[in-house]
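Colleague: Mind looking over this structure? Questions follow.
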Amino acid sequence: MQLTQQQQNTLVKISQNLIITDLLDLLQGKLLALRIPNYYHHEQAQIISEELIEQDSLERYHRAPDVGVQRTGITFFETNGNIEMLERYYQQAPACNKNIRYTCSPFLSPIDKLRLDLGDMWLAGACIENVHNRTMLAGIGRVFEDNFELPPHQDILARDVLDAPIYPTYPFSDLITQLSSNIYLRTPKFGGELEIWNVKPTSLRQPEIHDKEYKYEGIIDRRILPPATAVIKPQIGELILFDSARVHAVRASHGGPRVSMSMFIGYRNPDEPLTYWS
């Protein structure tokens, strides 16, 4: 059942600044989402969005080519244990990390701002996630094409680590919460709302809930879901954080592309660093 506006205001918190108490509430499941309006400067966001739209490296996700979302670099989700794709991911990651900074120059990139803020507020610090003892991609730009939705799905690191033979198994099972962080640089005239469901289907249910209209097996059939628990209309410069294991989607955009920068944030316990990756 979709929440009333009053109920949404309880589970979807709007704060003026990113602070440790709100982040802990989100990590511990007390909040469905955390919104920080004006997290990034509006005019700088507009300029960076134009730069991202012109990126030659933009292309759709390899594992979801029929979904109209383009990203600036190969993400870990796309490797899925494929040795060739894993190698491409790790070879390109350092250059992609630098490219984000170059694209945003002379401004501080939204990704770097978030990384600095996390490191400053978390006593144990924050660092790039380490699945195979190699530098991972940490932050991407995303452009949502007009008239395309990002269908309901989950993002869970453990489901993407299908280890290739040359890599040792990584102990990722201690990851308690994986947050999706999105900083919005450009919003469409119509649509583009973020939908979040307060449900976390297990991987065992994937075959029965898969939307067969899409190639990627992780897409969940919207027709079997109840109305979204929360529907959020992002604003330019806003940071939105939520548990990426909860089913979520983005409604189709109309009247111009929807542009954002994003990365995942991993939480194990208060005494260990937060980690981030894309």
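The values are calculated or read from the model by the stated rules, or taken from the named source; none is laboratory data. Keep in mind the model is a prediction, meaning the values are calculated, not measured. Cβ placement follows ideal geometry from the backbone for every residue including glycine, while neighbour counts extend to all protein chains displayed. Quick note on the areas: whole protein, heavy atoms, side chains included, nothing else; ligands and nucleic acids left out. Shrake-Rupley method; radii C 1.70, N 1.55, O 1.52, S 1.80 Å.
Colleague: How many residues, within the range 44-81, are outside any loop (DSSP other than H, G, I, E, B) and β-branched (Val, Ile, Thr)?
Modeller: The number of residues fulfilling the criteria is 4.
Colleague: Right, Gln6: within 24 Å of Ser109 (Cα to Cα), modelled with pLDDT under 95 and more than 19 Å from the chain's Cα centre (by Cα) or not?
Modeller: On the way: within 24 Å of Ser109 (Cα to Cα): no; modelled with pLDDT under 95: yes; more than 19 Å from the chain's Cα centre (by Cα): yes.
In short, no.
Colleague: Let me ask something else about it. Between Val67, Val131, which is modelled with pLDDT under 95, in contact with a helix residue (DSSP H, G or I) (Cβ under 8 Å, 6 or more places away or on another chain) and among the hydrophobic types (A, V, I, L, M, F, W, C)?
Modeller: Numbers: Val67 fails: in contact with a helix residue (DSSP H, G or I) (Cβ under 8 Å, 6 or more places away or on another chain).
Going through Val67, Val131 in turn, the sole match is Val131.
Colleague: Restricted to the range 28-62, and to residues that are farther than 19 Å from Ile100 by Cα and under 16 Å from the mean Cα position of the chain (by Cα), which residue is surrounded by the fewest Cβ atoms within 10 Å (Cβ to Cβ)? Show your work before the answer.
Modeller: Initially, the range 28-62 is screened for residues farther than 19 Å from Ile100 by Cα, giving 28-38, 62.
Adding the requirement that they be under 16 Å from the mean Cα position of the chain (by Cα) leaves 32-36.
Numbers: Leu32: 22, Ala33: 23, Leu34: 22, Arg35: 20, Ile36: 22.
Per the criteria, the residue is Arg35.
Colleague: Right, another one. Quick check on the range 152-159. Is at least one of its residues farther than 29 Å from Lys200 by Cβ, of a type outside the set (A, V, I, L, M, F, W, C) and under 19 Å from the mean Cα position of the chain (by Cα)?
Modeller: First pass over the range 152-159, keeping only residues farther than 29 Å from Lys200 by Cβ: none.
Checking the range 152-159: not a single residue is farther than 29 Å from Lys200 by Cβ, of a type outside the set (A, V, I, L, M, F, W, C) and under 19 Å from the mean Cα position of the chain (by Cα).
Colleague: Specify the residue that is farthest from the chain's Cα centre (by Cα); the eligible residues are those in the range 178-190 that are open to solvent by less than 40 Å² (accessible area, probe 1.4 Å) and modelled with pLDDT of 95 or more.
Modeller: Restricting to residues being open to solvent by less than 40 Å² (accessible area, probe 1.4 Å) and modelled with pLDDT of 95 or more, the top hit is Leu185.
Colleague: Do you know which residues across the range 213-255 are assigned to a loop (DSSP other than H, G, I, E, B), in contact (Cβ under 8 Å) with a residue 60 or more places away in the chain and open to solvent by 60 Å² or more (accessible area, probe 1.4 Å)?
Modeller: Answer for the range 213-255, where residues must be assigned to a loop (DSSP other than H, G, I, E, B), in contact (Cβ under 8 Å) with a residue 60 or more places away in the chain and open to solvent by 60 Å² or more (accessible area, probe 1.4 Å): Lys215, Pro226, Pro227, Gln235, Arg251.
Colleague: What's the number of the condition Pro106 fails, among (1) without any contact (Cβ under 8 Å) to a residue 24 or more places away in the chain; (2) in a helix (DSSP H, G or I)?
Modeller: Status for Pro106: all satisfied but (2).
Colleague: What are the pairs, 6+ residues apart or on separate chains, where a residue within the range 140-166 that is modelled with pLDDT of 90 or more and part of a strand (DSSP E or B) has its Cβ under 7 Å from a residue that is among the polar types (S, T, N, Q) and surrounded by fewer than 18 Cβ atoms within 10 Å (Cβ to Cβ)?
Modeller: Gly141/Gln55
Colleague: Next up: Can you name every residue in the range 118-128 that is open to solvent by 60 Å² or more (accessible area, probe 1.4 Å) and either hydrophobic (A, V, I, L, M, F, W, C) or at pLDDT below 95 (or both)?
Modeller: Residues of the range 118-128 that are open to solvent by 60 Å² or more (accessible area, probe 1.4 Å), as a first pass: 120, 123.
Leu123, the sole residue that qualifies.
Colleague: Report yes if some residue within the range 118-125 is more than 19 Å from the chain's Cα centre (by Cα) and free of Cβ contacts under 8 Å to residues at least 40 places away in the same chain; otherwise report no. Even if it seems obvious, please write down each step before you answer.
Modeller: So in the range 118-125, the residues more than 19 Å from the chain's Cα centre (by Cα) come out as 120-125.
Checking which are free of Cβ contacts under 8 Å to residues at least 40 places away in the same chain leaves us with 120.
Yes, the range 118-125 has at least one match.
Colleague: Another question, if that's okay. Restricting attention to the range 263-278, report how many residues are under 11 Å from the mean Cα position of the chain (by Cα) and either open to solvent by 10 Å² or more (accessible area, probe 1.4 Å) or of a type in the set (Lys, Arg) (or both). I'd like the intermediate steps shown before the answer.
Modeller: Going through the range 263-278, the residues under 11 Å from the mean Cα position of the chain (by Cα) turn out to be 263-265, 276-278.
From what's left, either open to solvent by 10 Å² or more (accessible area, probe 1.4 Å) or of a type in the set (Lys, Arg) (or both): 264, 276.
So the answer is 2.
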